[in-house]
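Engineer: Mind looking over this structure? Questions follow.
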Amino acid sequence: MIKRKLLGQHFLNSKSIAEFIVKEARISETDVVFEIGTGLGILTPLLCKNAHKVISVDADENLIKKAKSKFLEFDNLVLKSGDGFKKRDIFSIFVSNLPYSKSKDAIEWLAENSFSHGVIMVQKEFAEKLLATSKNRRAISIIATHAFDIEKISDVGKNNFSPPPKVDSVILKISKKTTMDKKLILTINDIFSYRRKTVKNILKQFDKQSTIEKRIDDLSGDDIVNLAKKILEK
């Protein structure tokens with residue numbers, strides 16, 4: 001269990017919440033579901049009941065070994081150990097109780113991938129960051145709202161996990177709007193490292209010209225994405 005804490009992962013232990021997540025995922029018999037964080041397998045068998053195929057990945061090889069012996073009846077289940085964010089599987093639906101330490105990486109990875117929709121559980125504070133507006137926005141807020149439509153569908157108390165985290169969680173439904181290039185994502189992150197500068201001075205850092213005196217907090221999400229695209233222009 002110590003290793004899981006280091007990974008920022010806490011096992012969901014509520015079957016009713018697991019059932020709610022799977023219901024909200026709207027899985028059909030033609031869908032390929034990608035799950036990161038097999039854990040103790042509370043979501044995995046529920047995902048397998050409706051999906052054409054479920055690919056479930058966990059960083060802990062021992063948990064994958066246990067899942068392989070536990071879920072022998074599901075011939076539509078593929079279990080893999082390793083870093084799920086380095087896998088290149090094709091999927092239509094994403095479902096995960098995301099490790100807290102990997103939430104930002106997960107959103108950026110999902111922004112790069114082509115899929116229909118997903119249901120994710122994240123730390124409440126991180127969910128607020130994704131949905132933030134104006135001065136509370138971060139680079140990940142811009143990336144997330146550009147790539148997805150995001151809907152908060154439920155709060156989840158810390159007592160629904162083992163070991164219990166120090167904070168509550170939130171279940172989000174995400175629907176893919178557009179797929180983002182990795183260079184665009186990296187450039188948006190770069191822009192926010194200069195957020196106190198004006199657009200004019202930010203562009204100077206990238207050898208580009210502008211007369212705009214506004215700061216990042218004065219721009220819309222689309223404006224920031226377009227600014228990143230301008231920086232990437234040859």
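Read the figures in this text as sums done on the coordinates, not as results from a lab. All values reported here derive from a predicted model rather than from experimental measurement. Cβ atoms come from the backbone with ideal geometry, glycine included; neighbour counts cover every protein chain shown.
Engineer: Can you compute 3J(HN,Hα) from phi for each residue in the range 150-158, using the Karplus curve 6.51 cos²θ - 1.76 cosθ + 1.60 with θ = phi - 60°, rounded to whole Hz and x for Gly and Pro?
Structural biologist: 10, 10, 7, 10, 6, 8, 10, x, 4
Engineer: What are the ³J(HN,Hα) couplings of the range 191-196, residue after residue, when phi is run through the Karplus curve with 6.51, -1.76, 1.60 and θ = phi - 60°? Round to Hz, x for glycine and proline.
Structural biologist: Along the range 191-196, the couplings run 4, 6, 6, 10, 4, 7 Hz.
Engineer: Of the candidates Arg215, Arg138, Arg88, which one comes out as most mobile in a Gaussian network treatment of the chain with C-alpha springs shorter than 10 Å?
Structural biologist: Judging by the Gaussian network model, the answer is Arg88.
Engineer: A further question on this structure: Taking only DSSP H segments of four or more residues, each worth -39500 (n - 2.57), what value at 222 nm results for the chain once the sum is divided by all its residues, to the nearest 500 deg cm²/dmol?
Structural biologist: That calculation yields -10000 deg cm²/dmol at 222 nm.
Engineer: Taking +1 at the Cβ of each Lys and Arg and -1 at the Cβ of each Asp and Glu, which of Asn189, Gln209, Leu172 sits farthest along the dipole of the range 168-234 towards its positive end, judged by Cα position relative to the Cα centre?
Structural biologist: It is Gln209.
Engineer: When DSSP beta bridges are limited to those with both residues in the range 84-234, what percentage is antiparallel, rounded to the nearest 5?
Structural biologist: Around 75 percent antiparallel, to the nearest 5.
Engineer: Tabulate in residue order the Karplus-calculated ³J(HN,Hα) for the range 45-60, using 6.51 cos²θ - 1.76 cosθ + 1.60 with θ = phi - 60°, rounded to whole Hz; enter x for Gly and Pro.
Structural biologist: Once θ is set to phi - 60°, the couplings for the range 45-60 become x, 5, 5, 5, 5, 10, 7, 5, 7, 10, 10, 10, 10, 9, 6, 8 Hz.
Engineer: Sort Lys152, Lys102 by Cβ crowding within 10 Å, fewest neighbours at the top.
Structural biologist: By the 10 Å Cβ count, ascending: Lys152, Lys102.
Engineer: May I ask which residue of Asn113, Asn226, Thr30 lies farthest towards the positive end of the charge dipole of the chain, with charges of +1 (Lys, Arg) and -1 (Asp, Glu) on Cβ and the Cα centre as origin?
Structural biologist: Asn226
Engineer: For the range 184-232, what class follows from the C-alpha gyration tensor (a ≥ b ≥ c being the square roots of its eigenvalues): rounded when a/c is under 1.5, otherwise prolate if a/b is larger than b/c, else oblate?
Structural biologist: Cα axes put the range 184-232 in the rounded bin.
Engineer: If you don't mind, there's one more thing I want to ask. Sort Glu233, Glu213, Glu151 so the one with the fewest other Cβ atoms within 10 Å of its own Cβ comes first.
Structural biologist: The most exposed by this proxy come first: Glu233, Glu213, Glu151.
Engineer: Please state the charge dipole magnitude for the chain, taken about the Cα centre, from unit charges on C-beta atoms (+1 on K and R, -1 on D and E), reported in debye and rounded to the nearest 20.
Structural biologist: Dipole magnitude for the chain comes out near 700 debye.
Engineer: Would you calculate the separation in nanometres between label points at Ser14 and Glu73, each defined as 7 Å from the Cα along the Cα-to-beta-carbon direction?
Structural biologist: 2.6 nm
Engineer: If I stretch the segment between Ser154 and Lys177 completely, what's the gain in nm (0.36 nm per residue apart, minus their alpha carbon distance), one decimal?
Structural biologist: 6.1 nm
Engineer: What's the exposure ranking of Leu184, Leu72, going from fewest to most Cβ atoms within 10 Å?
Structural biologist: Leu72, Leu184
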